[in-house]
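*Asks:* Take a look at the following structure, please.
Only the coordinates and a few stated rules stand behind these numbers; no lab work does. If you're wondering where the values come from, they're calculated on a predicted model, not measured in any experiment. Here the Cβ is made from the backbone with ideal geometry for all residues, glycine too, and neighbour counts use every protein chain on show.
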Amino acid sequence: MKKHLVLYKKLSPTLMARLQEQAQVTLIETLDAAGLNALRQALPSADGLLGASLRLDAELLDLAPRLRAVASVSVGVDNYDIDYLTQRRILLSNTPDVLTETTADTGFALILATARRVVELANLVRAGQWQRNIGPAHFGTDVHGKTLGIIGMGRIGEALAQRGHFGFGMPLIYHSTRPKPAVEQRFNAQYRSLEQLLEEADFICLTLPLTERTQGLIGAREFALMRPESIFINISRGKVVDEAALIEALQQRRIRGAGLDVFEREPLDHDSPLLQLPNVVATPHIGSATHETREAMARCAVDNLLAALAGQRPPNLVNPAAWTGPRP
Ligand code: DGY
């Protein structure tokens, strides 16, 4: 009998056809109330799931007794109850690598947009307020040659470091769970404690995953350590930051600005004080959102799912403890 796959993310026709060759596929197009209801109906017969941006907790997983594999179309896996998945021997996979460069591009777009006030000044032109040559009140701050501080030196951190070091001649400091000599050599980077980095960097960029250890890592104490010229960039997860403390730091001009692609709650509330601040550039979680990269991520997720359903180890297995060996 064909396996039953439930998708809660639309795929390109090519990828959809690949899945349909192997399995019966149910597609939930949107995760609104009706979509969630349809998902609940489909879960009891699901062998595999593929999607993103849905909190998959024990309550939902309990509706899926046959479930063998979950393929997330994301690198971040903070939406999943990994312990519970592992306990149930359900293989969770993600899509690393293919989104690294694009996400680092987003980080750099935010660095440039925030430092050079691109959005604020482009809006001024659009509003017909460009009536004479602009003066110091509208000047930005240089990016090249400034100190880039990266918190979380994983793949995306390294790709950001590459852009800063080779493209913009930026001295590089970083903080991560442990020093990385290869990174230090390649980018002439120096390891710092979190506190030292916050005190020294001109651009403070978060590129680390959301875990129990990183949740709320940057709060009032950390913003107080930053310099008034510093710019804060977050392309990781909103919950790594205490957003109320960030808002206060921005309102009180304790930091120069912030470039934010992620928020404590997404979509960001239109009433958020962040949107009242001209020195904030806010984007709607677009880290990996290009046509090419999203297709590559979806392809990677399909590869992971098909491998798992064929009884093989998915190439990007997140919870190896759930792997009990090949199955016929
Ligand atoms: C990821 O892949 O984790 C991106 O942030 C999209 O959620």
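*Asks:* Only Cα pairs within less than 10 Å get springs; with that Gaussian network setup on the chain, which residue of GLN276, GLN251, GLN190 has the largest fluctuation?
*Replies:* Looking only at GLN276, GLN251, GLN190, the largest GNM fluctuation is found for GLN276.
*Asks:* Same structure, new question: Read phi for every residue in segment 145-160 and hand back ³J(HN,Hα) as whole Hz from Karplus 6.51 cos²θ - 1.76 cosθ + 1.60, θ = phi - 60°, with x for Gly and Pro.
*Replies:* Going residue by residue, I get x, 7, 7, 9, x, 10, 9, x, 8, x, 4, 6, x, 5, 5, 5 Hz, with x marking Gly and Pro.
*Asks:* Given labels modelled 7 Å from the Cα in the Cβ direction, how far is it in nm from GLN162 to GLN41?
*Replies:* 4.6 nm
*Asks:* Next up: Would you mind computing the Rg to Rh ratio of segment 118-278 from its alpha-carbon coordinates, Kirkwood style for Rh?
*Replies:* 0.99
*Asks:* Rounded to the nearest 5, what % of the DSSP beta bridges within the chain are antiparallel ones?
*Replies:* On the way: 1 of 39 bridges.
Once the DSSP bridges in the chain are tallied, antiparallel ones form about 5 percent.
*Asks:* Let me ask another. Please report, to two decimal places, log10 I(q)/I(0) for segment 83-144 at q = 0.19, 0.26 Å⁻¹ as given by the Debye formula with identical point scatterers on the Cα atoms and no solvent.
*Replies:* Here the Debye-derived log intensity ratios amount to -0.82, -1.06.
*Asks:* Additional query: Once you charge only the Cβ atoms, +1 for Lys and Arg and -1 for Asp and Glu, what is the size of the charge dipole of segment 204-328 about its Cα centre, to the nearest 20 debye?
*Replies:* Dipole size: approximately 380 debye.
*Asks:* Work out, step by step, the length gained on full extension between GLN24 and HIS291: first 0.36 nm times the residue separation, then minus their alpha carbon distance; give nm to one decimal.
*Replies:* The span from GLN24 to HIS291 would gain 93.5 nm if fully extended.
*Asks:* A follow-up question, please. Just HIS138, HIS165, HIS285 to compare: in a GNM of the chain, with alpha carbon springs under 10 Å, which one fluctuates most?
*Replies:* Of HIS138, HIS165, HIS285, the most mobile in the Gaussian network model is HIS138.
*Asks:* Given the options GLY48, GLY140, GLY167, which has the most mean-square fluctuation in a GNM of the chain, springs set between C-alpha atoms less than 10 angstrom apart?
*Replies:* Of GLY48, GLY140, GLY167, the most mobile in the Gaussian network model is GLY167.
*Asks:* Ok, one more. Given charges of +1 on the Cβ of Lys and Arg and -1 on the Cβ of Asp and Glu, with all other atoms neutral, how large is the dipole of the chain about its Cα centre, in debye to the nearest 20?
*Replies:* Here the size comes out at about 640 debye.
*Asks:* Roughly speaking, what is the stretch gain from GLN276 to THR211, that is 0.36 nm per residue apart minus the C-alpha to C-alpha distance, in nm to one decimal?
*Replies:* 20.4 nm
*Asks:* Given contacts defined as C-alpha pairs under 8 Å and at least six residues apart, what's the relative contact order of the chain, whole-number percent?
*Replies:* Computed over the chain, the figure is 19 percent.
*Asks:* With only Lys, Arg, Asp and Glu charged, each at its Cβ (+1 for the first two, -1 for the last two), find how big the charge dipole of segment 13-57 is about the Cα centre; round to the nearest 20 debye.
*Replies:* 40 debye
*Asks:* Grab the DSSP H runs of the chain that are 4 residues or longer, score each as -39,500 (n - 2.57), total them, divide by all residues and round the 222 nm result to the nearest 500 deg cm²/dmol.
*Replies:* -9500 deg cm²/dmol
*Asks:* To continue, here is another question. With unit charges on the beta carbons (Lys and Arg positive, Asp and Glu negative) and the dipole taken about the Cα centre of segment 118-278, which residue among LEU124, SER176, GLN252 sits farthest to the positive side?
*Replies:* Checking the options against the dipole of segment 118-278, the answer is SER176.
*Asks:* Counting pairs of alpha carbon atoms under 8 Å apart in space and at least six apart in sequence, what relative contact order in percent does segment 1-117 give? Write down the numbers at each step before the final one.
*Replies:* Values: 153 pairs, mean separation 24.5, N = 117.
Contact order relative to length: 21 percent.
*Asks:* Also: Please give the length that would be gained between GLN131 and MET1 if that part of the chain were fully extended, namely 0.36 nm times their separation in residues minus their C-alpha to C-alpha distance (nm, one decimal).
*Replies:* Working: separation 130, 0.36 × 130 = 46.80 nm, distance 7.04 nm.
Taking 0.36 nm per residue and subtracting the Cα distance, the gain is 39.8 nm.
*Asks:* Moving to a separate point now. Trypsin sites (Lys or Arg not before Pro), restricted to segment 221-328: which are DSSP loop and have at most 14 other Cβ atoms within 10 Å?
*Replies:* ARG253, ARG265
*Asks:* Principal axes first, then extents: for the Cα atoms of the chain, list largest minus smallest coordinate on each axis, whole Å, largest first.
*Replies:* Answer, in whole Å and largest first: 71, 48, 34 Å.
*Asks:* If you don't mind, another one. Measure nothing but the geometry: give the 0 to 90° angle between the long axis through the Cα atoms of 291-309 and the longest principal axis through the Cα atoms of the chain, rounded to 10°.
*Replies:* The angle comes out at about 30 degrees.
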